[in-house]
1. Looking at B:P57, B:V284, A:T89, which one has the Cα that reaches farthest to the positive end of the dipole of the protein assembly as shown (charges on Cβ: Lys, Arg +1; Asp, Glu -1)?
2. Compute, for the stretch A:1-159, the length of the dipole vector about the Cα centre, with Cβ point charges of +1 (Lys, Arg) and -1 (Asp, Glu) only. Units Debye, rounded to 20.
3. In debye, nearest 20, what is the charge dipole magnitude of the stretch B:334-542 about its Cα centre with +1 on Lys and Arg Cβ and -1 on Asp and Glu Cβ, if you could check?
4. Not counting the cut sites, what is the longest span of chain B without chymotrypsin sites (Phe, Trp or Tyr not before Pro) that DSSP labels loop and that have at most 14 other Cβ atoms within 10 Å?
5. Put +1 on the Cβ of each Lys and Arg and -1 on the Cβ of each Asp and Glu in chain B; which of B:H465, B:L389, B:I23 then has its Cα farthest toward the positive end of the dipole?
6. Considering only A:L155, B:A352, B:P581, whose Cα is most displaced toward the positive end of the charge dipole of the protein assembly as shown, charges sitting on Cβ of Lys, Arg (+1) and Asp, Glu (-1)?
7. Compute for chain A: radius of gyration divided by Kirkwood radius, i.e. Rg/Rh, restricted to C-alpha atoms, rounded to two decimals.
8. So in chain A, what percent of DSSP beta bridges are antiparallel if you round to the nearest 5?
Amino acid sequence: MTLLSAEGLTKRFGGVLAAKDVSFGLEGGEMLAIIGPNGAGKSTTFNMVGGQLRPDAGRVTLAGQDITGMPPRAVCRMGVGRTFQVAQTFLSFSVIGNVQMALIAHHGQTRMLLPDAMAMHQDAALALLERVGMAAQADRPIGELAYGDVKRVELAIALAAAPRLLLMDEPTAGMAPAERSALMALVAGIARAERIGVLFTEHDMDAVFAHADRILVLVRGEIIARGTPEEVRADPEVQRVYLGHSGTRAAERARRAHG
Amino acid sequence: MQWDFLLVQSLSGLASASSLFVIASGLTIVFGVTRIVNFAHGSFYMLGAYIAVTVVPWLLEIDRSPWLFFVGVLVSALAVGALGVLMEMLLLRRIYRVPELFQLLATFGVVLIVQDLVLLVWGPVDIPGPRAPGLRHGVVILDQRFPAYELFLIAVGPAVLGLLWLLMHRTRFGVLIRAATQDREMVGALGVNQAMLFTGTLFLGAALAGLGGALQIPRVSANSQMDLSIITEAFVVTVIGGMGSVPGAFIAALLIGQLQAFGVLIFPKITLVLVFLLMAVVLVIKPWGLLGKPEAAAGRVVLPEGILDPRPLDRAGKMLAALGLAAVLALPLLDAYAVKVGTEVLILALAAFSLNFLVGNGGIVSFGHAAYFGLGAYGAGLLVVKAGLPMEPALLAAPIAGGAFAALFGFFVVRLSGIYLAMLTLAFAQIAYAVVFQWVEVTGGDNGLVGVWPSRWAASREVYHYLVAAVTVAAIILLRRVIHAPFGATLRAARDSAQRADAIGVDVRTHRWLGFTLAGAAAGLAGGLYAFSKGSIDPTLLGIPMSVDFLSMLLLGGIQSVLGPVAGTAAFHAAKDFFMPLTDHWRLFLGLSIIAMVLVFPRGLAGAWDTLRRRRA
Ligand SMILES: Nc1ncnc2c1ncn2[C@@H]1O[C@H](COP(=O)(O)OP(=O)(O)OP(=O)(O)O)[C@@H](O)[C@H]1O
Ligand SMILES: [Mg+2]
C-alpha cells in the first residue's frame with residue numbers, strides 16, 4: 001500500500017494561493033524531493049501533511065488512513081516525524097535532553113509526576129544521537145551547537161518517534177556543502193534500511209539529484225513537473241522556470257558522481 | 001419596560017463607552033509601538049483627575065466660563081503627557097528588551113510609586129471636582145432627563161477617534177506610529193528617530209489617559225483607587241479590540257458600555273463579570289481580539305526567561321536548604337512574633353513556588369495567581385464559618401477550591417500566550433475579586449469573615465507553625481519533583497517550542513491546562529493555611545497587589561531557579577514586615593525596589609548566589 005498519498009491539496013492565504021491541487025504518492029523506503037523557488041509552497045505542503053496547517057481542500061492519507069486536518073500531535077502518533085525549515089528544538093534542554101523528551105512523548109509518559117525525566121531513556125537517546133553523529137556532544141546545551149549540528153539533533157528527535165514517514169523541510173540549510181551530502185547520505189541510508197519514506201525539500205540541487213528517488217517541481221503552488229531525477233532534469237519547462245543553468249550543472253555533476 | 005427608559009440607558013452606556021475609549025486608545029497606541037503593556041496607564045488617568053480638580057477650580061475662580069473649564073481639562077491632559085515623557089525617558093527605554101513579565105512588573109512599580117505620591121500631594125480624602133459651566137443642566141429626551149455633560153461625553157469619543165485618525169494618516173509622526181505597530185522590524189531601522197517616536201508615543205498615550213481622567217471630574221471625585229479600577233477596564237477594552245488597534249478599542253468600548261448599561265438592569269451586581277465573560281468569549285473565538293493581528297511568529301528561537309535545566313541540588317545547595325529547614329524548626333525557640341512571620345513566610349513560599357511552577361517552568365505568566373490563593377482561603381474559611389466544619393476537612397477543601405477555579409479559568413487561559421494570557425489571568429482574578437467583594441451575604445464583602453480558627457489541637461501558634469511547616473515543605477518538595485519529572489519537563493518543552501512539542505506528540509494545551517490546575521491547587525492549599533493563620537479572610541487575598549507581591553517574590557528570588565522563589569519569599573516578606581510599620585510609604589519603597597530589581601538585579605537572589613559560587617570555584 002502507498003505509505004503517504006496526498007490528493008488535491010489546496011491552501012490559500014488571503015490573496016495568495018500557496019498550494020493548488022498538489023497530489024503525490026510516496027512509498028516506504030523512498031526519497032521524494034520537492035523542489036521549487038522561494039515561496040513556491042513547499043513548506044505549506046509539508047505543513048498540510050504534518051498537520052500544522054489544515055488544507056482548504058484535498059486529502060492526506062497515511063497507509064490508507066485519512067489524516068487530513070489531524071493536529072500535529074496525532075499525526076506524530078501515526079508514525080510521522082518531522083524537522084522544520086527553522087530548526088525547532090527545546091532550547092533550555094541539553095542535546096540528549098531533547099531526544100529524551102521526544103522519547104518520553106513517544107512512550108506517552110509526559111504526565112508522569114514523580115520519576116526524574118533526565119534519567120529516562122538515556123541509552124535509547126544516546127543510540128539515536130550516535131546514529132546522527134552527535135553522541136559526543138550529548139551533554140552540551142543545545143543552544144551552544146552550530147546550526148548544522150542542531151539540524152542533526154532535530155533528525156534524532158524526529159527518529160525518536162520511530163516514524164514510518166519523515167518530513168524534512170530543508171534539512172541541510174545552514175550546513176557546509178560537505179556536511180550536506182553527508183547528512184543526506186545518512187538520511188537515505190536510514191530510509192532504505194528501515195523502509196521509512198522521506199519527503200524532503202532542498203535548495204541544494206547537488207543534494208537533491210544525488211539522493212532523491214523522485215522529484216516534484218513546485219512553482220507558485222502548482223506541480224509543474226515530476227519524475228525521476230533524469231526526467232526532471234530533461235524537462236524543458238523545469239529548466240526554463242526553475243533550474244536554469246546552475247541546476248542543470250548540478251544535475252550533471254550528480255550524474256557523473258553516481259554515474 | 002419603556003422605550004424612553006431603554007434609550008436613556010443606552011445613552012449613558014454610550015457616555016461611559018466614550019470615556020473608556022479615550023483612555024484605552026492611549027493604552028493601545030503605546031502597546032502598539034513599544035510592545036509594553038503599561039500598568040501605569042491607570043495612574044496617568046488618576047493623575048489627570050487629580051490635576052484637573054486642582055487646576056480647574058482655580059481657573060474657574062478667574063471666570064466661570066465653559067471655555068476655562070475645558071482649558072483646564074486640556075492643561076491637565078498635557079501635564080500628564082509630560083509625565084509620560086518622563087516615564088519613557090527614565091524607565092521604559094531601559095526595559096524595551098527585557099521579558100514581558102519584567103516589563104509588567106516595572107510598570108506596576110510605577111503604579112505603586114504614584115499611589116504614594118498622590119497621597120502625599122493630595123491627601124487621603126476624595127476630592128470632588130467642579131461641574132462644567134454651561135453643561136450642568138439636564139436635557140429632556142422622550143420625557144426623561146439626561147445630563148447635558150453626559151451628552152457632551154458621548155461626542156468626545158468619536159471626536160477623539162476622528163482626531164487620532166487624522167493624526168495617524170496625515171502626519172509623519174502618525175504614519176510612523178502605524179508603521180511601528182504593524183512591523184516590529186521596521187522600528188529598528190529608524191535609528192535616531194526611534195527614541196523620538198517612542199517618547200512622542202508615550203506623550204500621546206499618557207495625555208489621552210490624562211484627558212480621560214480630567215473629563216471625569218464632574219462625574220466622580222478624584223480618589224486614590226481610580227488607577228487600578230480603570231486599568232482593568234482599559235485592559236479589557238484593548239484586549240477585546242485587539243492590542244494596538246485604535247478602531248478595535250472603539251468598537252470594544254461601545255460593546256462594553258452597552259453591556260454595562262443593560263447588564264446593570266439584569267444582574268445589578270455582577271456587570272463586571274459580564275464584561276470579563278465577553279472578553280473570555282472573544283478571546284476564545286478570536287485569540288488576538290476583534291481587530292488585532294497575530295504577532296508574527298519570531299523566526300529565530302530565543303532562550304526562554306525561566307527555569308533552564310533543573311539539576312539536583314549540589315552540596316552547597318543542600319546545606320543551604322538544610323539550614324533553611326533548621327531555621328524553620330527552630331523559630332519557636334525565638335519569640336512569638338518570629339513564629340508568626342515564619343508561618344507566613346512558609347505559606348507564601350508555597351504560593352510563590354506554585355506560581356514559579358507556571359511562570360518559570362511553564363512560561364505561563366499569570367498575573368492573577370492570588371485568585372487561587374484567595375479562593376482557597378475562602379473555600380476553607382466559608383466551610384468553617386458558614387458550614388461549621390472543623391479545620392481538617394476545610395484544609396482539604398482549600399486546594400480543591402483553588403484547583404477547581406484554576407481548571408475553570410485555565411480552560412480559557414491556556415488557549416492564549418504571552419501578553420494576552422497575562423491579561424486574561426488578570427481579568428479572571430478581577431472577576432473572582434469582584435464576586436467576593438460584592439456577594440456580601442455569603443462572603444461578608446469588603447470586611448470579609450472572621451472566626452477561621454484552627455482545631456483545638458493546632459490552636460497554639462507553635463503547633464500551627466509546625467503543621468504549616470510539614471504541609472508546605474512537603475508540598476514544595478512534591479512540586480519540585482514534578483518540575484524534574486516528565487510532566488514538568490513537558491511544560492518546559494512546550495514553553496521552549498510549542499511547535500516542536502506538538503510535533504513529538506505532546507498535547508500542549510492539555511498539559512498547560514493540567515499544569516495551571518495543579519499550580520492553582522497548590523496556591524489554594526497555601527490560601528487555606530493562610531486563612532487559619534490569620535483567623536480571618538477578606539478580599540485583599542485575591543487582589544492585584546497580592547498577585548504582584550507573589551511576582552515580586554519570584555523576581556527577588558530569581559525565576560530561573562527552582563528554589564529561588566522560596567528564598568525570595570523569605571526576603572520579601574521579612575523586609576515587608578520590618579519596613580512596613582516603620583514607614584507610611586511602603587508602596588513607594590516597594591515600587592522603587594521592584595524597578596531597581598528589574599533594572600540591575602533581574603536574576604534575583606539565586607542569580608547572585610550562582611555568581612558568588614562561580615567566583616569561588
Ligand atoms: N501563515 C501564512 N500566512 C500568509 N501567507 C503565508 C503563510 N505561510 C506561507 N504564506 C505564503 O504562501 C506562499 C508559500 O509559502 P511557503 O512557505 O510554503 O514557500 P516555500 O516554498 O516553503 O518557500 P521557501 O523556499 O522560502 O521556504 C508564500 O507566498 C508565502 O508568503
Ligand atoms: Mg519553506
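Only the coordinates and a few stated rules stand behind these numbers; no lab work does. This one's a predicted model, so the numbers in the text were calculated from it and none came from an experiment. All Cβ positions, even for glycine, are placed from backbone atoms using ideal geometry, and neighbour counts span all protein chains on display.
1. It is A:T89, whose Cα lies furthest towards the positive end.
2. That gives a dipole near 460 debye.
3. 420 debye
4. Answer - B:97-438.
5. B:H465
6. Value: A:L155.
7. 0.97
8. Roughly 55 percent of the DSSP beta bridges within chain A come out antiparallel.
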